[in-house]
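Each remark here refers to the structure printed beneath this line.
The values are calculated or read from the model by the stated rules, or taken from the named source; none is laboratory data. Being a predicted model, the structure only gives us computed values, none of them experimental. So basically every Cβ, Gly included, is an ideal-geometry build from the backbone, and we count neighbours across all protein chains shown.
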Amino acid sequence: MSGALDGVVAAVTGASSGIGEATARALAAEGAAVALLARRRDRLEDLARELGEATTVHEVDVTDGAAVAAAVADVVARHGRLDVLVNNAGYGSMTPAAEADLAEWRTMVDVNVGGVLATTHAALGPLTDAATGGRGVADVVTISSVAGRKVSGPAVNVYAATKHAVGAFSEALRQEFAPRHVRIGLVEPGLVRSELTEGNGALGEVGELGVMEAADIADAVVYMVTRPRRVAVNEILIRPIEQTR
C-alpha cells in the first residue's frame, strides 16, 4: 500500500524517545525514509531495526554545530536528498529563577535554541534543492511548546524564553523561504507524557484527559508535511482537552 510520503526523506532530531520517536514511526508509516538523529545510538538502532532498512542512524549532539553539519551531510549522502526536517530535540527544567542553576539555563538555550539553529542551518541547502524536485516542496517542522505563546508560571522562565525564540526564528524563516517552496511549521504542544515531563515533575497529578501522548503530536507533524504543495500550515497549537493554560 502506498503512503502519502513515499519517496520522501525525513530527518528527525531527538528521535530516541518521546515525540521524536513517535514522529519517526508516523513518518515511516506514511512511506518516508527516516534518518534518526540523537545521542543514544542504542535506542536509535533498536528503532531503526523496527522501521526497516530505509531507516538510518546518525549519532549526534545537536549542541555541537560541526557534528550536526556532518550528520546532515551524511543523511544526504546516504539517502540522496532531504525533504523534511523535524527539529524535536529539546530540554526543559522548571525551577524558579531564585533557585535556578545557571548551567541548567545554558543547557536549555544550547539545546532548544542552538540545536534548532544548527540543524536548520545545515539542512536549508538540501531542503531548498529538494523543493525544486518532483515533490515541489520541502518542510521544516520545529516542535515548540504552548510556553512559546504564553508564560504560564514563573518556573517556566528560560524554557519559555527558548520557545519564544524558536517561534520568532521560524516566522523569519517562513518569510524568507516561502518563495523557495520550503514550508516552515511550528507545533506547539501542551502537556505531553514523555521522559522530559516525567523527569521535571510537569505531569503532577493530571488525569487521563489532562495529558497527551507523543503519538498525538506526531499526528500533527504528519498533517503539516502531507498538505498539498499549495498549502503551508505554519502553526499548530495542540493541548490536552483539560489543560486550561
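Within the range 84-117, take every residue that is charged (D, E, K, R) and more than 18 Å from Ile143 (Cβ to Cβ) and give me the one that is surrounded by the fewest Cβ atoms within 10 Å (Cβ to Cβ).
Kept after step one, since they are charged (D, E, K, R), are these residues of the range 84-117: 99, 101, 104, 106, 110.
Now narrow it down to the ones that are more than 18 Å from Ile143 (Cβ to Cβ): 99, 101, 104, 106.
Values: Glu99: 7, Asp101: 10, Glu104: 16, Arg106: 13.
Applying the filter and picking the extreme gives Glu99.
Just need a number here: residues in the range 168-180 that are of a type in the set (Gly, Ala, Ser) and without any contact (Cβ under 8 Å) to a residue 24 or more places away in the chain.
First, the residues of the range 168-180 that are of a type in the set (Gly, Ala, Ser): 168, 170, 172, 178.
If we keep only those that are without any contact (Cβ under 8 Å) to a residue 24 or more places away in the chain as well, we get 168, 172.
Qualifying residue count, the range 168-180: 2.
Among the residues of the range 118-157, write down those that are free of Cβ contacts under 8 Å to residues at least 60 places away in the same chain, closer than 30 Å to Pro96 by Cα and part of a helix (DSSP H, G or I).
Hits for the range 118-157 are Ala118, Ala147, Gly148, Pro154.
Among the listed residues Val109, Val57, Val86, which satisfies the condition of being over 22 Å from Thr128 (Cα atoms), under 17 Å from the mean Cα position of the chain (by Cα) and part of a strand (DSSP E or B)?
Values: Val109 fails: part of a strand (DSSP E or B); Val86 fails: over 22 Å from Thr128 (Cα atoms).
Of Val109, Val57, Val86, the one residue that is over 22 Å from Thr128 (Cα atoms), under 17 Å from the mean Cα position of the chain (by Cα) and part of a strand (DSSP E or B) is Val57.
I'm trying to understand the selection: among the residues of the range 13-23, which are over 17 Å from Asn112 (Cα atoms) and surrounded by fewer than 24 Cβ atoms within 10 Å (Cβ to Cβ)? Write out each step before concluding.
First, pick out the residues of the range 13-23 that are over 17 Å from Asn112 (Cα atoms): 21-23.
Selection gives Ala22 alone.
Residues are listed down the side, and each one gets a yes or a no for (1) surrounded by fewer than 21 Cβ atoms within 10 Å (Cβ to Cβ); (2) not in a strand (DSSP E or B):
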{"position": "Gly7", "(1), (2)": "yes, yes"}
{"position": "Ala11", "(1), (2)": "no, no"}
{"position": "Arg25", "(1), (2)": "yes, yes"}
{"position": "Gly31", "(1), (2)": "yes, yes"}
{"position": "Leu44", "(1), (2)": "no, yes"}
{"position": "Thr63", "(1), (2)": "yes, yes"}
{"position": "Val72", "(1), (2)": "no, yes"}
{"position": "Arg78", "(1), (2)": "yes, yes"}
{"position": "Arg81", "(1), (2)": "yes, yes"}
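From the residues in the range 118-135 that are modelled with pLDDT of 95 or more and among the small types (Gly, Ala, Ser), which one is surrounded by the fewest Cβ atoms within 10 Å (Cβ to Cβ)?
My answer is Gly125.
In the range 61-79, what residues are touching a residue at least 24 places away in the same chain (Cβ under 8 Å) and either touching a strand residue (DSSP E or B) at 6+ places or on another chain (Cβ under 8 Å) or aliphatic (A, V, I, L, M) (or both)?
If the condition is that a residue be touching a residue at least 24 places away in the same chain (Cβ under 8 Å) and either touching a strand residue (DSSP E or B) at 6+ places or on another chain (Cβ under 8 Å) or aliphatic (A, V, I, L, M) (or both), then Val62, Val68, Ala69, Ala71, Val72, Ala73, Val75, Val76, Arg78, His79 are the ones that fit.
Given the conditions (1) touching a strand residue (DSSP E or B) at 6+ places or on another chain (Cβ under 9 Å); (2) farther than 11 Å from Val141 by Cα; (3) modelled with pLDDT of 90 or more; (4) not acidic (Asp, Glu), and given that Arg193 satisfies all but one, which numbered condition is not satisfied?
Among (1) touching a strand residue (DSSP E or B) at 6+ places or on another chain (Cβ under 9 Å); (2) farther than 11 Å from Val141 by Cα; (3) modelled with pLDDT of 90 or more; (4) not acidic (Asp, Glu), the lone unmet condition for Arg193 is (3).
Among the numbered conditions (1) assigned to a loop (DSSP other than H, G, I, E, B); (2) without any contact (Cβ under 8 Å) to a residue 60 or more places away in the chain, tell me where Met94 comes up short.
(2)
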